[in-house]
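The values are calculated or read from the model by the stated rules, or taken from the named source; none is laboratory data. Keep in mind that this is a model prediction, so the values were computed, not measured. Please note: Cβ atoms are built from the backbone with ideal geometry, for glycine as well, and neighbour counts cover all protein chains shown.
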Amino acid sequence: MRDVLTIPFHGNGALIIASDNSGAIGLKPGDLVHVQYETVAYYSFRVAVMECIAAGGEPFSVVLHNFCGNESWAMLTGGIQKGLVELHLEDVPITGSTESNFSMQQSAVGLLVIGKKSILKRTEFDYFDSLKFAVVGTPLIGNEVVEQEERIVPLLLFREVSKLQDVIVWPVGSKGILYEMNQMFRNKSFSKEMVVTSVDVGKSSGPATCFIAVYLENQEAEINKLTKGFFHPVQILT
């Protein structure tokens with residue numbers, strides 16, 4: 001189950017709506033993590049756009065809800081534009097609104113990414129046997145996201161893997177790799193002891209600093225080569 005809203009269009013694919021929120025992260029004195037608003041918006045966009053793409057969507061619009069004040073709008077949209085440029089989606093428009101009547105003690109941002117899905121795009125498997133798994137990137141949270149940026153899987157790499165035939169990508173969020181794996185199959189569950197890999201499967205991945213790739217056995221060499229430096233194979237014990 002993806003963390004998105006899918007609205008089918010009769011005979012013509014579907015509309016995909018993905019969202020993300022952040023609170024107490026920014027430049028206000030009451031914020032718990034102090035970073036530039038460009039960084040706040042970039043990582044919020046990152047989460048939402050990865051969810052949209054993973055669900056088969058081709059992003060065509062971004063909607064920003066800004067509770068940080070008028071003066072932060074340009075920085076927030078700059079962070080979103082940075083992500084769009086990475087994905088070669090510079091022409092995707094950004095719209096939204098700012099709460100300017102009242103000033104809040106902490107920063108808050110909401111963001112939507114809207115995309116179109118083709119009916120031909122595979123976004124899930126109906127079976128488990130013969131599938132292979134890998135984690136691409138490293139789960140990071142809080143200040144680690146800024147301090148270990150080189151370990152975060154690039155957005156464009158995520159998009160390239162998502163375009164491979166019969167490969168499913170699944171962004172990892174705050175609940176960690178193991179949680180996400182248990183959302184992937186309706187009739188299959190995994191314990192921590194069953195999942196063997198070089199990264200911590202229980203750790204939060206914050207703003208989707210890594211993702212799970214599911215693929216057929218004969219695709220592993222291609223995916224390993226494409227994601228070299230970020231690739232962590234996963235062995236499932238039964």
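A few notes on this one:
- Residues of region 67-87 that turn out to be out of contact with any Leu (no Cβ under 8 Å at 6 or more places or on another chain), closer than 20 Å to ASN101 by Cβ and of a type in the set (Gly, Ala, Ser), as a count: 2
- GLY206 vs. criteria within 13 Å of the chain's Cα centre (by Cα) and under 19 Å from VAL49 (Cβ atoms): yes
- Qualifying residue in region 174-195 (condition: within 15 Å of the chain's Cα centre (by Cα) and within 24 Å of VAL85 (Cβ to Cβ)): no
- Leading residue by the ranking (surrounded by the fewest Cβ atoms within 10 Å (Cβ to Cβ)) among those in region 145-181 that are free of Cβ contacts under 8 Å to residues at least 40 places away in the same chain and among the basic types (Lys, Arg): LYS163
- Residue count, region 179-236 (criterion: aromatic (Phe, Trp, Tyr) and under 24 Å from GLU150 (Cα atoms)): 3
- Filter pass, ALA213 being assigned to a strand (DSSP E or B), outside the structural domain of CYS52 (by TED's automatic domain parsing) and touching a helix residue (DSSP H, G or I) at 6+ places or on another chain (Cβ under 8 Å): yes
- Test: GLY142 is touching a residue at least 24 places away in the same chain (Cβ under 8 Å) and either among the acidic types (Asp, Glu) or surrounded by 14 or more Cβ atoms within 10 Å (Cβ to Cβ) (or both): no
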